[in-house]
Protein chains: 2
Amino acid sequence: MSTIRVGVNGFGTIGRRVALAVTLQKDMRLVGVVKRTPDYAALYAASKGIPLYTPTSREAEEFEKRGIKVAGTLRELLSRVDVIVDATPEGQGAKNKPLYREAGVRQIYQGGEKPDVADASFSTLCNYEESKGRGSLRVVSCNTTGLLRLICTLNREFGVESVRAVLVRRGADPKEVKKGPIDSIVLNPPSLPSHHAVDVKTVLPWLDIKTAAVAVPTTFMHMHHVTLRLAKAVEKRDVLEILASAPRIMLVSSGDTGIKSTSQLVDAARLSRMGYDIPELVVFEESVAVDGNEVMLFQAVHQESIVVPENIDAIRAVTSSPLTLEETLKATDGSLGLRKTLW
Amino acid sequence: MSTIRVGVNGFGTIGRRVALAVTLQKDMRLVGVVKRTPDYAALYAASKGIPLYTPTSREAEEFEKRGIKVAGTLRELLSRVDVIVDATPEGQGAKNKPLYREAGVRQIYQGGEKPDVADASFSTLCNYEESKGRGSLRVVSCNTTGLLRLICTLNREFGVESVRAVLVRRGADPKEVKKGPIDSIVLNPPSLPSHHAVDVKTVLPWLDIKTAAVAVPTTFMHMHHVTLRLAKAVEKRDVLEILASAPRIMLVSSGDTGIKSTSQLVDAARLSRMGYDIPELVVFEESVAVDGNEVMLFQAVHQESIVVPENIDAIRAVTSSPLTLEETLKATDGSLGLRKTLW
């Protein structure tokens, strides 16, 4: 198996996590990351020996002033990789695309880009095999990734006919000190449906799905309330059994652990996890309610880390990796330490 | 029409608003309010000439130390009224009930009490006429009142077959400085359904309704996302027309006003309303989405004031007031200044 040479453009919330995840894959090599400003994240990358590239040669001077060695420009990085993971700010990926195409590299984009930026939208549990050989893939956003993990898991087993979901979104990431809201519940957006339903349909175009979202004054994890109508009536124990054994989903019992909020989940993760990342989709066990073919539940989505495993799988898919779905799940989740329990 | 003599036990968030609302009714007289401690609310009541009673004669001394005149004990108040509105803390109403019965007064309880505290649960738009002549009524909680105003309005016009609602609750009232959460989304409760569905069924036992709720770090207004299945397919304009003309519901257009959150609603209310009270149920116009017989929308509920009009109507119902539903709506809403627009 040849090693996949990977570059990551952007070293922010997603980029830095994807870059570090790439270094943990046996079948990949991180050739370098692209950074625009020599901030603390750049200092960290340099201290870890990760080759740093700048968008153009203009930015290099500022890095060198701070004693950070620059390995070259984005264009140079592109000449040394098989795949570029674009983790630049929303909308910037589309602007970068011509450069990537010119260099003849495969491309991974994030969910902030419009769907037409890539050949297809991607979510491992839904369409890993079908995505092989695509020239470019767009890993859907954190909320959509969370929804799709649940939907595709239940769809495989029972068939899913319709989904109605209400998303209570964290207002800002911990580092986003200028973003709100404080003391407000914000319709996000004020007209229904929210874009999440549209985004789910980029992967599952046949699905009857409607979503609505609000933003609230918290900094970690979105909370979804999801109502699914299955193709057949089921028992609660059937649903719990599937969720308990499914990859990338963690069932947490409020009764057993006392955890019934995003902040308690995070506090538990701080006991055993780097930077409280929770890339698993967390389903609250006692919230699962089943009535005939209607299933309702609460799930929590860690906005900063949930898409990282899917980015790794997407890198394999665009390079037509010989790894099957089962093998990529095992390789990715094993290396990143995804678990079925909190610790 | 004889004047209804009203006492209010408790002068907290609800009690003080109901007491002041009683003073504005032509067919009622506020005989007095019961207060346990001589705090700023007691000083305010005294300054307005509202007769203050204490639970027993033991508490009177503390009031008089602060120069607040006490008119008597709860027992004495009960001998002077036709109706007592119990607005004491959750669960205290049931403990007070024997005293009220002994005094032979009609009783109004709040939604924090269990349903069996009263002869029936009450919501004006759903069961005002049927409630006449009951010896005691329980005005359902703020969230339930909001849900019932919407459901009974749409049910009268189209028939409502089922309701699914997700409630994003404010964590604490402005004055509750010891309550959380801060920076957390809390399942409230962690197992489905939340008690709100059960509470709606105390008024509409035939309804297929399921609710789920989370608490978030805000202090004013709950936000509900409601999905209703009607008995027939409708057009969006039909729904908007009914909501635009229904009592106690205010349609707010995010497009016309720029208001798309609880805090902006409150800020608009501060321009024209006492203490930013919004006793109307606020439905966000652009959030109304209709697909066949499925209606979805966002609505905001001001937790401190929404039940006040219903308490006034409940006083009329337990005393078999000659006022019809239409008349009590007109009398209550006119006196309290409920509007179909923000100002």
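Which whole number gives the average count of other chain Cβ atoms within 10 Å of the Cβ atoms across peptide B:279-287?
For peptide B:279-287, the averaged partner shielding equals 2.
List the distances, in nm and shortest first, from the label point of B:Leu43 to the matching label points in every other copy, placing each point 7 Å from Cα along the Cα-to-Cβ direction.
5.1
Once the Cα atoms of helix B:308-318 and of chain B are each reduced to a long axis, what angle between those two axes, in degrees from 0 to 90 to the nearest 10, is obtained?
70 degrees
Give me the angle, in degrees from 0 to 90, between the Cα long axis of helix B:92-103 and the longest principal axis of the Cα atoms of chain B, rounded to the nearest 10.
50 degrees
Taking the alpha-carbon centroid of each part, what is the distance from the range B:224-285 to the range A:1-63 in angstrom?
49 Å
Which entries of A:Lys179/B:Lys260; B:Lys69/B:Lys175; A:Lys114/A:Lys210; A:Lys201/A:Lys236 show an alpha-carbon separation above 21 angstrom in the structure shown?
Long pairs (Cα-Cα over 21 Å): B:Lys69/B:Lys175; A:Lys201/A:Lys236.
Taking chain A as the reference, fit the longest principal axis to its C-alpha atoms, fit the long axis of helix A:142-158 to the helix C-alpha atoms, and give the angle between the two in degrees, 0 to 90, nearest 10.
50 degrees
Note down the relative contact order for the range A:241-303 as a percent, whole number, built from C-alpha pairs under 8 angstrom at least six residues apart.
Relative CO of the range A:241-303 lands at 31 percent.
Taking amide hydrogens as modeled 1.01 Å from N in the peptide plane, which residues meet the under 5 Å criterion relative to B:Ser261, leaving out close sequence neighbours?
The list, which skips near neighbours in sequence, is A:Leu187.
For the range A:97-189, what does the alpha-carbon gyration tensor say about shape, rounded, prolate or oblate, given a ≥ b ≥ c as the root eigenvalues, a/c under 1.5 as rounded, and a/b over b/c as prolate?
Because a/c hits 1.5 or more and a/b fails to exceed b/c, the range A:97-189 counts as oblate.
Quick one: net charge around A:Ile249, please, counting Lys, Arg +1 and Asp, Glu -1 for every other residue with C-beta under 10 Å from its C-beta.
+2
Which residue fluctuates the most in chain B, going by a Gaussian network model with Cα springs under 10 Å, if the choices are B:Ala45, B:Ala213, B:Ala233?
B:Ala233
Per-residue Cβ counts within 10 Å, from other chains only, averaged over A:160-170: what number is that?
Mean shielding by partner chains, rounded to a whole number: 3.
Ranking A:Phe122, B:Phe298 by Cβ neighbours within 10 Å, fewest first, what do you get?
The order, fewest Cβ neighbours first, is B:Phe298, A:Phe122.
Count the DSSP beta bridges whose two residues both fall in chain B, then state the antiparallel fraction as a percent rounded to the nearest 5. Before the final figure, lay out each step's value.
Values: 23 of 59 bridges.
So the antiparallel bridges in chain B amount to around 40 percent.
Separation of the range B:293-330 and the range A:321-343 by C-alpha centroid, Å?
55 Å
What percentages, rounded to whole numbers, describe P(r) for the protein assembly as shown computed over all alpha carbon pairs with 20 Å bin width beginning at zero?
Distribution as computed: 17, 43, 27, 11, 1 percent.
For the range B:142-301, what proportion of DSSP beta bridges, expressed in % and rounded to the nearest 5, is antiparallel?
Around 65 percent of the beta bridges assigned by DSSP in the range B:142-301 are antiparallel ones.
Quote the relative contact order of chain B in percent (integer), defining contacts as alpha-carbon pairs under 8 Å separated by 6+ residues.
Relative contact order here is 17 percent.
Output the antiparallel fraction of DSSP beta bridges having both residues in the range B:120-216, as a percent to the nearest 5.
Taking every DSSP beta bridge with both residues in the range B:120-216, the antiparallel ones total about 15 percent.
With just the Cα atoms defining each centre, how far is the range B:195-222 from the range A:107-165? Give it in Å.
For the range B:195-222 versus the range A:107-165, the Cα centre distance is 33 Å.
Classify the range A:237-343 as rounded, prolate or oblate, taking a ≥ b ≥ c as the square roots of the eigenvalues of its Cα gyration tensor: rounded when a/c is under 1.5, otherwise prolate if a/b is larger than b/c and oblate if not.
Because a/c hits 1.5 or more and a/b fails to exceed b/c, the range A:237-343 counts as oblate.
Per residue of chain A, what 222 nm ellipticity follows from adding -39500 (n - 2.57) for every DSSP H run with n ≥ 4, rounded to the nearest 500?
For chain A, the value works out to -10000 deg cm²/dmol.
If you build a Gaussian network model of chain B, linking Cα atoms that sit under 10 Å apart, which residue out of B:Ala120, B:Ala317, B:Ala103 swings the most?
B:Ala103
With the cut-off at 1.5 for a/c, could you classify the range A:142-301 from its C-alpha gyration tensor as rounded, prolate or oblate?
Here the range A:142-301 falls in the oblate category.
Using a Gaussian network for chain A with springs between C-alpha atoms less than 10 Å apart, which of these wobbles most: A:Arg17, A:Arg156, A:Arg75?
Top of the fluctuation ranking is A:Arg156.
Could you pull out the longest piece of chain A with no exposed loop GluC sites (Glu not before Pro) in it, calling a site exposed if DSSP puts it outside H, G, I, E, B and it has at most 12 other Cβ atoms within 10 Å?
A:236-343
None of the figures in this text is laboratory data; all of them are computed from the coordinates on show. Note that the coordinates shown come from a computational prediction; the quantities given were computed from them, not determined experimentally. Cβ atoms come from the backbone with ideal geometry, glycine included; neighbour counts cover every protein chain shown.
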